[in-house]
Amino acid sequence: MAIWTPDLTGRTGPKYRKLADAIADAVAKGELRPGTCLPPHRILAYEISMSANTTSRAYAECVKTGLLCAETGRGTFVRINPRGQAQGTPADLYRPVAGPIDFSSNLPFPGSSGRYLAHTLGELSRSRDLQAFMDYQKKPGLAHHLAAGTDWLAGMGVPATAGRTIVTCGAQHGIMAALMAATRPGDLLLTEALTYAPVMAMASRMDLKIRPIAMDENGILPDALASVCRSHPVKAVYLTPTIQTPTTATLDSERRKAVAGMAKTYDFILIEDDVYGPLRPDVKTPIAAFSPEHTVYISSTSKCLAPGLRVAFLYAPEKLVPQLSRAIQLSCWMPPPLMVEIVSQWLADGTAEKLKTLQYQEAAHRQSMAGEIFSGQAFRADPCGFHVWLPLPSPWETHDFCRAAADQGIKLAPGSLFATDGRNDPGAVRISLSHEPDRERVRQGVKTLAALLQLQSPQDGWVI
Ligand SMILES: Cc1ncc(COP(=O)(O)O)c(C=O)c1O
């Protein structure tokens with residue numbers, strides 16, 4: 001049997017560190033499954049042309065961090081709960097690796113941000129007076145945090161300046177702050193006909209009227225937007241133009257420019273939620289670049305670095321900066337400076353790039369796996385995205401399909417969850433490939449769904 005060998009390409013640092021990182025990534029991706037016995041360190045050393053001391057040091061490092069356990073006379077194994085046991089971390093901080101296969105939420109692919117965090121916290125505690133991060137901050141945030149955010153936004157193609165950069169506790173908080181800043185109860189908010197569900201809940205809590213804009217497979221139809229704007233006073237429009245939730249569509253430049261033009265003509269604030277933008281190596285020019293005085297552009301670190309950081313950067317039109325700053329103050333006073341410091345360090349020391357690359361690579365792998373299994377089936381996906389949008393062939397109804405999948409131990413997000421008007425069932429499901437730690441479980445889950453699609457109807461035996 002072929003022995004497991006690590007992928008060391010593109011890794012930096014001393015050799016033992018490269019190997020330890022490769023082991024951790026293989027565990028995170030499910031290539032090395034819990035309970036797997038690693039090759040004896042001398043054999044691995046021979047296979048990958050390292051010294052036995054180096055492989056032994058890498059194994060020892062992984063044992064120290066709780067990823068592996070060494071059993072005298074038996075070998076070195078991947079821990080059953082690899083990340084938790086050594087530190088006694090509560091089990092509910094981890095994504096389950098058994099039980100139902102969870103395709104229902106768009107978490108980032110499991111990665112190695114925890115290991116980078118350990119390193120960064122160590123460095124921070126040695127290099128800075130941490131007391132500085134424990135105080136209330138003077139608004140609008142520490143200068144070097146705003147500078148880091150401004151560089152990040154500029155990298156996304158936004159005409160950013162420190163005076164227009166605002167830090168929030170994630171994109172969700174950014175959307176809420178933008179709605180607080182741009183609208184009043186009773187105002188009209190437009191969204192794509194299928195959209196990120198929490199926005200509907202926020203609009204309802206803020207007493208906003210909400211209306212859908214018609215879409216095709218490439219995103220919203222500018223003519224449909226213009227038609228609503230001509231007949232109603234529109235205050236704000238919320239869009240996810242890149243790898244749209246849930247349809248995966250990315251709006252082309254022509255439509256982006258058309259939307260920007262309408263924001264100026266009809267004087268609404270566009271809330272451009274670009275949470276998935278940083279996942280694409282080929283950055284698309286954001287709508288904010290075409291209508292900088294009418295767009296709140298939101299870019300989060302959640303999907304490409306780690307959602308637990310709760311850090312997003314907003315670009316704001318000049319006229320909205322005071323209201324947005326006030327909304328941040330009222331909702332949380334300030335994002336925790338320690339978290340923004342971690343992000344700033346990761347942007348400066350290259351960690352952010354490494355983590356993004358891991359997300360691209362895992363997305364490419366899982367999307368191509370799903371694409372092969374679904375071949376011959378109509379579905380939509382983006383090679384850099386976390387999810388697949390699967391229109392259901394007749395006579396499947398969304399509800400029956402989700403129930404049949406649940407009977408097979410698979411959790412899905414029904415398309416109706418995303419319908420702005422709350423009534424239209426798009427007859428499709430969103431399949432998030434990113435939540436499950438183990439690639440093999442993803443493969444099994446997608447295969448089960450593909451088999452389910454082949455059935456003519458729920459009466460064929462899957463559902464009772
Ligand atoms: C479209 C969209 N916007 C915003 C968010 C929230 O992101 P954050 O974790 O930065 O608050 C999500 C998370 O799933 C999302 O899918």
**Report entry** Members of the stretch 34-50 found to be among the polar types (S, T, N, Q) and open to solvent by less than 70 Å² (accessible area, probe 1.4 Å), listed by number
**Finding:** 36
Report summary line: Considering residues that are modelled with pLDDT under 90 and away from the ligand (no atom under 14 Å from the Cβ), the number found within the stretch 100-115 is 5
Report summary line: Subset of the stretch 259-287, residues touching a Leu at 6+ places or on another chain (Cβ under 8 Å) and part of a helix (DSSP H, G or I), comes to 259, 260, 262, 263, 287
Query raised in the report: Of the residues 299, 291, which is within 14 Å of the ligand (Cβ to nearest atom), open to solvent by less than 10 Å² (accessible area, probe 1.4 Å), assigned by TED's automatic domain parsing to the domain that holds residue 216 and farther than 20 Å from residue 418 by Cβ?
Result: 299
Query raised in the report: (1) under 19 Å from residue 119 (Cβ atoms); (2) touching a strand residue (DSSP E or B) at 6+ places or on another chain (Cβ under 7 Å): which one isn't true of residue 69, the others all being true?
Result: (1)
Query raised in the report: Of the residues in the stretch 184-227, how many are more than 28 Å from residue 427 (Cβ to Cβ) and either within 16 Å of the ligand (Cβ to nearest atom) or not aliphatic (A, V, I, L, M) (or both)?
Result: 6
Query raised in the report: Residues 278, 336, 307: which one is open to solvent by less than 10 Å² (accessible area, probe 1.4 Å) and touching a helix residue (DSSP H, G or I) at 6+ places or on another chain (Cβ under 8 Å)?
Result: 278
Report summary line: Matching residues in the stretch 8-33 (under 29 Å from the mean Cα position of the chain (by Cα) and open to solvent by 30 Å² or more (accessible area, probe 1.4 Å)) number 11
Report summary line: Residue hits (the stretch 306-328; more than 10 Å from the ligand (Cβ to nearest atom) and either free of Cβ contacts under 8 Å to residues at least 12 places away in the same chain or outside any helix (DSSP H, G or I) (or both)) are 313, 314, 315, 316, 317, 322
Report summary line: Considering residues that are away from the ligand (no atom under 12 Å from the Cβ) and open to solvent by less than 20 Å² (accessible area, probe 1.4 Å), the number found within the stretch 168-183 is 4
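The values are calculated or read from the model by the stated rules, or taken from the named source; none is laboratory data. What you see is a predicted model, and the numbers here were worked out from it, not measured in a lab. Because the Cβ atoms are built from the backbone with ideal geometry, glycine has one as well, and the counts that use them run over all protein chains shown. These accessible areas exclude ligands, DNA and RNA; they are computed on the full protein's heavy atoms, side chains included. Shrake-Rupley method; radii C 1.70, N 1.55, O 1.52, S 1.80 Å.
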